[in-house]
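A.B. asks: My structure is below; once you've seen it, I'll send some questions.
The values are calculated or read from the model by the stated rules, or taken from the named source; none is laboratory data. Worth saying up front: this structure is predicted, and the values here are computed from it rather than measured. Every residue, glycine among them, receives a Cβ derived from its backbone with ideal geometry; neighbour counts consider all protein chains shown. Quick note on the areas: whole protein, heavy atoms, side chains included, nothing else; ligands and nucleic acids left out. Shrake-Rupley method; radii C 1.70, N 1.55, O 1.52, S 1.80 Å.
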Amino acid sequence: MRHLAVLGSTGSIGTQTLEVVDNNRDMKVVSLAAGSNIDLVEKQIRKYHPEVVCIFNEQKARELARRVADENVSVLYGMDGLIACATVSSADVVVAAVVGMIGIRPVIEAIRNGKDIAFANKETLVTAGHIIMPMVQRYQVLLTPVDSEHAAIFQCLNGEHHGEISRILLTASGGPFRGRKKEELEHVTVEEALRHPNWSMGKKITIDSSTMVNKGLEVMEARWLFDVDYDHIQVVIQPQSVIHSMVEFVDGAVMAQMGTPDMKLPIQYALTYPQRRNLPGERLDFSRLTEITFDKPDPETFPGLQLAYQAGREGGSMPTVFNAANEKAVAMFLNRQIGYPDIPRIIGEAMETHEKISNPTLDEILEVEAEVYARIEKR
Ligand code: NDP
Ligand code: MG
């Protein structure tokens, strides 16, 4: 039996993780965490009977505790609650699927407690990869990628030697604005940016996909997961989202992982690795698939990707600045406080004004996050 802690259980990855649990008799949920959606968490408690639950928002947590008084579950709140869910002694594996840097501390504490990590929460690795990856080694835990591109790369690397990798080819759909010019994005609305052509995901990552900031975060995520430097990570536009990423080896061989766009595959594989299991769902139909095309990213229209490479290469606290500025800017865009082109503009400004810290501690990362937020609010 695999005992799962599901952090972000009400989200896109969280709910699909629970579908995977439904499909695998040897998986059991022992803890659940979410931000505020207590209606859904209540249903999840009644179905999965976890030992402990965290609702980050204290008032909502208290209301939920009243509602589920008939269930044998502890309802906690705040960061302490989130960490309690990530470290509950019965859990073998933590599905890290909250959105944003809020996931850093729970992931670190989970590793310290010897939990394996099924890893979706990319913002955590982008900002604290230099702390997390050495801990994965030190505590001998297994960290398996859920992000579809990284899950693809992980599969392409099965049985291969690290020293024989020549390039990682990270694919991107290009999002809803692929092919547009910069001027055409001046007046993009929230609704337009939320319309992703191939994947159905949470709001923040959907906006990030439209700006290509998501791909930038994934470049940094790949750097940490696969220990490959930025000169050897290339982004390739693959509009049909059939090839989920590729690896080129020193002899010129390129391995690709293909499939229909369904996050349940990487989620399940992250939980059952090295085993593959049956997964109901659509299959690629090569008699109907008439083309697989490729393109180059357009740096003029999508400056967010270049900024990510820049932040990643500078390293230290710069990826935190990139990520925190983006988190804040996306939240403001979703609240209709800023325009669409302001997102990369705000990231660029935040990076320009930041004095880099070379090897930031966890506290320094969180301080930089708070500073970046405060400065953007004041602008
Ligand atoms: P969603 O917005 O759909 O879900 C986010 C989840 O995090 C919700 O359960 C939410 O709870 C919870 N949450 C938010 N804030 C807090 C908090 N302070 N404390 C506890 N829980 C909190 O996001 P996604 O599922 O789309 O994405 C999750 C992560 O996975 C992101 O890092 C994303 O980049 C990554 N990812 C997602 C993919 C996808 O297909 N969706 C693909 C690859 C990576 P509530 O509902 O109560 O607000
Ligand atoms: Mg991805």
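A.B. asks: Could you list, in sequence order, all residues of region 307-340 that are under 16 Å from the mean Cα position of the chain (by Cα) and over 16 Å from Ser358 (Cα atoms)?
C.D. replies: Passing the criteria: Ala308, Asn323, Ala324, Asn326, Glu327, Val330.
A.B. asks: Which residues, taken from region 77-128, are within 16 Å of ligand 2 (Cβ to nearest atom) and out of contact with any Leu (no Cβ under 8 Å at 6 or more places or on another chain)?
C.D. replies: Val99, Gly100, Ala120, Thr124 - these are the residues of region 77-128 that are within 16 Å of ligand 2 (Cβ to nearest atom) and out of contact with any Leu (no Cβ under 8 Å at 6 or more places or on another chain).
A.B. asks: Among the numbered criteria (1) in contact (Cβ under 8 Å) with a residue 60 or more places away in the chain; (2) acidic (Asp, Glu); (3) farther than 26 Å from Met255 by Cα, which single criterion is violated by Glu221?
C.D. replies: So the condition that Glu221 fails would be (3).
A.B. asks: Go through region 149-189 and give me each residue that's more than 19 Å from Val213 (Cβ to Cβ), touching a strand residue (DSSP E or B) at 6+ places or on another chain (Cβ under 7 Å) and either without any contact (Cβ under 8 Å) to a residue 60 or more places away in the chain or surrounded by 14 or more Cβ atoms within 10 Å (Cβ to Cβ) (or both).
C.D. replies: Ala151, Ala152, Ile153, Phe154, Gln155, Cys156, Leu157, Ile165, Ser166, Arg167, Leu169
A.B. asks: Which of the residues that make up region 1-32 are touching an Asp or Glu at 6+ places or on another chain (Cβ under 8 Å), open to solvent by 40 Å² or more (accessible area, probe 1.4 Å) and not aliphatic (A, V, I, L, M)? Explain how you work it out, then say what you get.
C.D. replies: To start, the set of residues in region 1-32 that are touching an Asp or Glu at 6+ places or on another chain (Cβ under 8 Å) comprises 1-4, 30-31.
Cutting the leftovers down to open to solvent by 40 Å² or more (accessible area, probe 1.4 Å) gives us 1-3.
Across region 1-32, the qualifying residues are Arg2, His3.
A.B. asks: Do the conditions hold for Gln238, that is, is it of a type in the set (S, T, N, Q), farther than 30 Å from Glu367 by Cβ and free of Cβ contacts under 8 Å to residues at least 12 places away in the same chain? Even if it seems obvious, please write down each step before you answer.
C.D. replies: Numbers: of a type in the set (S, T, N, Q): yes; farther than 30 Å from Glu367 by Cβ: yes; free of Cβ contacts under 8 Å to residues at least 12 places away in the same chain: no.
No: the conditions fail for Gln238.
A.B. asks: Sort out which residues of region 206-224 are over 18 Å from Pro176 (Cα atoms), away from ligand 2 (no atom under 12 Å from the Cβ) and open to solvent by less than 10 Å² (accessible area, probe 1.4 Å), and write them in order of number.
C.D. replies: Met220
Per-residue answers, yes or no, for (1) open to solvent by 20 Å² or more (accessible area, probe 1.4 Å); (2) of a type outside the set (D, E, K, R); (3) part of a helix (DSSP H, G or I):
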{"site": "Thr260", "(1), (2), (3)": "yes, yes, no"}
{"site": "Leu265", "(1), (2), (3)": "yes, yes, yes"}
{"site": "Leu271", "(1), (2), (3)": "no, yes, yes"}
{"site": "Gly281", "(1), (2), (3)": "yes, yes, no"}
{"site": "Phe286", "(1), (2), (3)": "yes, yes, no"}
{"site": "Leu289", "(1), (2), (3)": "yes, yes, no"}
{"site": "Ile292", "(1), (2), (3)": "yes, yes, no"}
{"site": "Pro297", "(1), (2), (3)": "yes, yes, no"}
{"site": "Ala308", "(1), (2), (3)": "no, yes, yes"}
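A.B. asks: Taking the condition of being away from ligand 2 (no atom under 12 Å from the Cβ) and either of a type in the set (Phe, Trp, Tyr) or open to solvent by less than 50 Å² (accessible area, probe 1.4 Å) (or both), how many residues in region 239-255 meet it? Step through it out loud before you land on a result.
C.D. replies: Initially, region 239-255 is screened for residues away from ligand 2 (no atom under 12 Å from the Cβ), giving 239-240, 242-243, 246-255.
Subsequent filtering for residues that are either of a type in the set (Phe, Trp, Tyr) or open to solvent by less than 50 Å² (accessible area, probe 1.4 Å) (or both) retains 239, 242-243, 246-249, 252-253.
Of the residues in that region, 9 qualify.
A.B. asks: Of all residues in region 195-205 being in contact (Cβ under 8 Å) with a residue 24 or more places away in the chain and more than 9 Å from ligand 2 (Cβ to nearest atom), which is farthest from the chain's Cα centre (by Cα)?
C.D. replies: Residues of region 195-205 that are in contact (Cβ under 8 Å) with a residue 24 or more places away in the chain, as a first pass: 197-205.
Among the residues that remain, those that are also more than 9 Å from ligand 2 (Cβ to nearest atom) are: 197-198, 200, 202-204.
On the way: Pro197: 19, Asn198: 17, Ser200: 14, Gly202: 10, Lys203: 12, Lys204: 10 Å.
Restricting to residues being in contact (Cβ under 8 Å) with a residue 24 or more places away in the chain and more than 9 Å from ligand 2 (Cβ to nearest atom), the top hit is Pro197.
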